[in-house]
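Worksheet for the structure shown next.
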Number of protein chains: 2
Amino acid sequence: VRAPPSNVAWRTVSDPGRRLPADALDELRAIVGDDHVLVDAERLVPMSTDWTGRFVGRAAAAVRPASTGEVAAVVGWARRRGAALMTQGGNTGLVGGATPLHGEVLVSTSRLNSVTVVDMASMQVTVGAGVTIEAVQQHAERAGLRYPIDFAARATATVGGSIATNAGGVNFVRFGGTREQLLGVEAVLGTGEVINDLRGLRKDNTGFHLASLLCGSEGTLAVVTGATLRLVPRPAAVLTALVGFDSAHSAIAAGHLWVARSTRIEALELMRADGVGLVCEQFALPTPLRAAAYLLVEVAGERDLDEELHELVECTDGVTGSAVAADESARRRLWRYREDHTLAINRLGPPLKFDITLPGAEMQPFVDSIASQVRGVDDEANTWIFGHLGDGNLHVNVHATTDAAGRIESLVFTEVSRRGGSISAEHGIGVAKRAFLHLRRSPAELAWMGRVRAAFDPDGVLNPHVLLPHE
Amino acid sequence: VRAPPSNVAWRTVSDPGRRLPADALDELRAIVGDDHVLVDAERLVPMSTDWTGRFVGRAAAAVRPASTGEVAAVVGWARRRGAALMTQGGNTGLVGGATPLHGEVLVSTSRLNSVTVVDMASMQVTVGAGVTIEAVQQHAERAGLRYPIDFAARATATVGGSIATNAGGVNFVRFGGTREQLLGVEAVLGTGEVINDLRGLRKDNTGFHLASLLCGSEGTLAVVTGATLRLVPRPAAVLTALVGFDSAHSAIAAGHLWVARSTRIEALELMRADGVGLVCEQFALPTPLRAAAYLLVEVAGERDLDEELHELVECTDGVTGSAVAADESARRRLWRYREDHTLAINRLGPPLKFDITLPGAEMQPFVDSIASQVRGVDDEANTWIFGHLGDGNLHVNVHATTDAAGRIESLVFTEVSRRGGSISAEHGIGVAKRAFLHLRRSPAELAWMGRVRAAFDPDGVLNPHVLLPHE
């Protein structure tokens, strides 16, 4: 593994130096209680820095409302005061979408943490926006069911954050993303109006679907305070396999073949030898079977999974070997090769992170060419490629010299756009990709989004600097 | 089977007598061509009457644009002329949402019928809005894949109409509705702006999701002209079983148990003895196993379906017998008992149609009580109950005397609302349920929907009388 370039600190650091006047703070204290208005630097600094360390801002204050009513009062306060709010869940976002670079007042969802009993007849659960993904998963499991959204930040990431970014994760290929699980929301619009629709009706065509619209809206339309989530049956059996290939070509071709053949694939992750090598080095894991590229594939169902997996692998070219996990601890060990990619890469220094989707047919040519194109801009750059092959979603991380960062961003985004892809598959736009949104969205699309934003938040109090370019 | 009351004609008949001035027609002819502006009564009458015969209007004219550009020009024409447009696909809607009761100009999607080659690597297909559901299904099958939306009107209903109503159908329990299949749209907004997003990227978080928002918007935001649709693998095997139960109670309890246990259930339809009896009588079908209630259940997957079905049925109380179909013709025969319900009921005269969703726990008490509650209002009424148990979605059809119709509608909708359900699961609101939308949607919800509608269609040219109550 090649060492990264030394000057990797292309951070956005911003301290707008905004402080709230004493009477404004008093008004907030009257809403949420004295203990839940945070103004000390030691409390605000971690909340003002993003997970990657790339974005560092400074919140004017942070409030921790305990109810939807308190959130509505805070939104009302912001409208009266002309203040900008920024909603924050687990602060695991990757695009600066919850980092107060403009001195926003943070609205933490940490106290919106109610969890109701699982509704077995409707297979769903209603939780507060501040509940973690892992807590939802565990709660569902105790009821004999399963919450099908899963990703590496599960222990910290919240339901509210997963709605804001329409989080996808590793089981997207089988169950879709957060939008497909979200049966209802409770939310405070930018107007201050409260919408309460936690009936959890999966089939309900009575006007425009708010839950779908809020998914992926990055906190710009409403503060989501609660959600009703779809649960699914737990499969009787899960089989996880790490399959090695002689090339990324073979792995990608195999992935396309498998998802067209099997209805039981629940995860299909692509890795390359360099990324797996880095993970092994950073976390002292044993090197798995040697290969140029890997697919981590998971099949789930009632029975005969080994037979199904065998049939899939048998009909596939370029396989160099495979390792199969049938129990949970072996399964977790295989998943570490994939899930620890992000941490291992970050240990070398904050990378430029690209989270892209490509049309199926463009996957191979892109993977073939992007690293050398990036080297053309910065010959010290290292490009890491891994991700959710089953959904056409690749994570491309680049370690590069600071002054090349802008050119590399332009290169990768332009290349993705030229191939008919998307500049953000699941992380969102936040502030990190706002300047590139025009590569994915036409003027007419940006126009309707702006009009809809104004329809929800006419005073621009909710995440005003996030997602859409400023007019 | 009891005969329906004689005076079943609670039709809404409207002939606003609107005719377009000659120069307005000439402008339309200049856009779409002389042959594609229809003004003769014989052409307009069938297009102005809904499938149930309940709604009869009179279009001022009908236009058949052949491209998105022509649709945009027609929308521009309507804005200049102050005319109201109404988009019409297969005219199989059930809520009067495509019936020109106010002398609208119909925009037929019949010529937007392009079909592209199936993209195997991305498992999707792009089609014009006027293509039928059946044509999409057959096109996908020829490529070895499957379009998972399916409902009885498949041969006539169009992709555009299925988007407008977010059509669900019989496989919703496994694959979701049209919203879950819609990867991208081409559409003309009410502003006349054209949005073209047919890249078909399944994972794409780059702003608000237009496809989700248009699904279920009943043509009030845009005229959808094309769509990119997700395809799924064809299962290696499908097993269909008709299972008889000693009561509706037992059938509902069994359904809830099965969907929580099996990941392979693709359809789960509830019927009662009266409905099955009517279908047998109307279509001279052999009576199936005798039972008080039935579940039509379909499991699909790679193998061992008979074993799985056997295990499900074995652990279930109240089963009186079952009939299993393993081949396609036997499968089609079993499905007729369910799919011919609508036709059989309509043969007795147009019923009041309710398409409702209930929370899981409310299903049994509702099914127990609603028929006798309806009889309390009209002692000649016949209530038919069947539907998609797996999704909590029941179709309730009522034959009643004309002057009781309004009271029965109020009763059923109020009862559904009181139980936390929805007044429309999959048919939409149209004009038929507009007056009852307040039972499902709060003033704040109706307000944001109105603001979003204005953001898309500021002049109110698209289906202005549909979905939302007038201000």
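The values are calculated or read from the model by the stated rules, or taken from the named source; none is laboratory data. The shown structure was predicted, so the numbers you read here are calculated from the model rather than taken from an experiment. A quick note on method: Cβ atoms are made from the backbone with ideal geometry, for glycine too, and the neighbour counts reach across all protein chains shown. The accessibility values were calculated without ligands, DNA or RNA, using every heavy atom of the protein model including side chains. Shrake-Rupley method; radii C 1.70, N 1.55, O 1.52, S 1.80 Å.
Here are a few things to note about the model shown:
- A cut-off of 5 Å between modelled amide H atoms, ignoring neighbours fewer than 5 places along the same chain, links B:A325 with B:T240, B:A241, B:L242.
- Ignoring lysines fewer than eight residues from B:K353 along the same chain, the ones with Cα atoms less than 22 angstrom from its Cα are A:K203, B:K433.
- Amide H contacts under 5 Å for A:D197, placed H, 5+ residues apart: A:V185, A:E186, A:A187
- Interface area, A with B, accessible, probe 1.4 Å, both sides summed, Å² nearest 100: 7300
- Measuring with a 1.4 angstrom probe and ignoring ligands and nucleic acids, A:W448 comes out at about 0 Å² accessible.
- Ligands, DNA and RNA are left out, and with a 1.4 angstrom probe the accessible area of the stretch B:5-73 is 47 Å² per residue.
- Relative to the Cα centre, the charge distribution of chain A, modelled as +1 at Lys and Arg Cβ and -1 at Asp and Glu Cβ, gives a dipole magnitude of about 640 debye.
- Rounded to 10°, Cα long-axis angle of helix A:68-81 versus longest principal axis of chain A: 60
- When the stretch B:27-71 is described by a simple charge dipole with +1 on each Lys and Arg Cβ and -1 on each Asp and Glu Cβ, the residue from B:T49, B:G69, B:L28 located farthest towards its positive end is B:T49.
- Considering only alpha-carbon pairs that sit under 8 angstrom and 6 or more positions apart, the relative contact order computed for the stretch B:213-339 is 39 percent.
- Dipole moment magnitude, nearest 20 debye, the stretch A:353-398 about Cα centre, only Lys, Arg, Asp, Glu C-beta charged: 60
- The stretch A:66-192: antiparallel DSSP beta bridges as a percent of all, rounded to 5: 40
- A dipole drawn for the protein assembly as shown from +1 and -1 charges on Cβ atoms has a positive end, and of A:A432, B:A444, B:T165 the residue lying farthest that way is B:A444.
- Vicinal HN-Hα couplings computed from phi for the stretch B:44-60 (Karplus, 6.51 cos²θ - 1.76 cosθ + 1.60; Hz; Gly/Pro x): 7, 4, x, 6, 9, 10, 7, 4, 7, x, 7, 10, 10, x, 8, 6, 5
- On Cα atoms only, tilt of A:405-418 relative to the major axis of chain A in degrees: 70
- Buried on complex formation within the stretch A:106-151 (loss of at least 20 square angstrom of accessible surface versus the isolated chain, 1.4 Å probe, ligands and nucleic acids ignored): A:A121, A:S122, A:M123.
- Based on Cα atoms of the stretch A:172-264, Rg over Rh with Rh as the Kirkwood radius reads 1.15.
- Placed amide H near A:G387: partners under 5 Å, 5+ positions off or other chain: A:L270, A:H395
- Net lengthening on full extension, B:A155/B:S417 (0.36 nm per residue, minus Cα-Cα): 91.0 nm
- Scattering curve values for the protein assembly as shown, log₁₀ I(q)/I(0), Debye with Cα scatterers, q = 0.05, 0.06, 0.08, 0.09 Å⁻¹: -0.29, -0.42, -0.76, -0.97
- Separation of alpha-carbon centers, the stretch B:83-116 and the stretch B:276-324, rounded to whole Å: 38
- Here, the stretch A:78-231 has an Rg and a Dmax of 14.9, 48 Å when only alpha carbons are counted.
- Summing +1 for each Lys or Arg and -1 for each Asp or Glu among the other residues whose beta-carbon sits under 13 angstrom from that of B:T109 gives 0.
- Whole-Å distance, taken between Cα centres, linking the stretch B:159-183 and the stretch A:352-400: 33
- Take every Cα pair under 8 Å whose residues are at least 6 apart in sequence, average their separation, divide by the length of chain A, and the relative contact order is 17 percent.
- Cα centre as origin, Lys/Arg/Asp/Glu Cβ charges: the stretch B:209-314 dipole, Debye: 340
- A simple count of charges around B:S212, restricted to other residues whose Cβ falls under 11 Å of its Cβ and scoring Lys, Arg +1 and Asp, Glu -1, yields 0.
- Solvent accessible area, Å² - B:R303, 1.4 Å probe, full protein context: 40
- Farthest towards the positive end of the charge dipole of the protein assembly as shown, among the residues B:L182, A:G90, A:T206, is the Cα of A:T206, using unit charges on the Cβ of Lys, Arg, Asp and Glu.
- Computed over neighbours whose Cβ is under 15 Å from that of B:D246, the net charge equals 0, Lys and Arg +1, Asp and Glu -1.
- Ranked from shortest, the separations from the 7 Å Cα-to-Cβ label point of B:V39 to its equivalents in the other copies are 7.4 nm.
- Probe 1.4 Å, protein heavy atoms only - accessible area per residue of the stretch A:318-385 in square angstrom: 39
- Angle between chain A longest axis and helix A:133-142 axis [Cα atoms, degrees, rounded to 10]: 70
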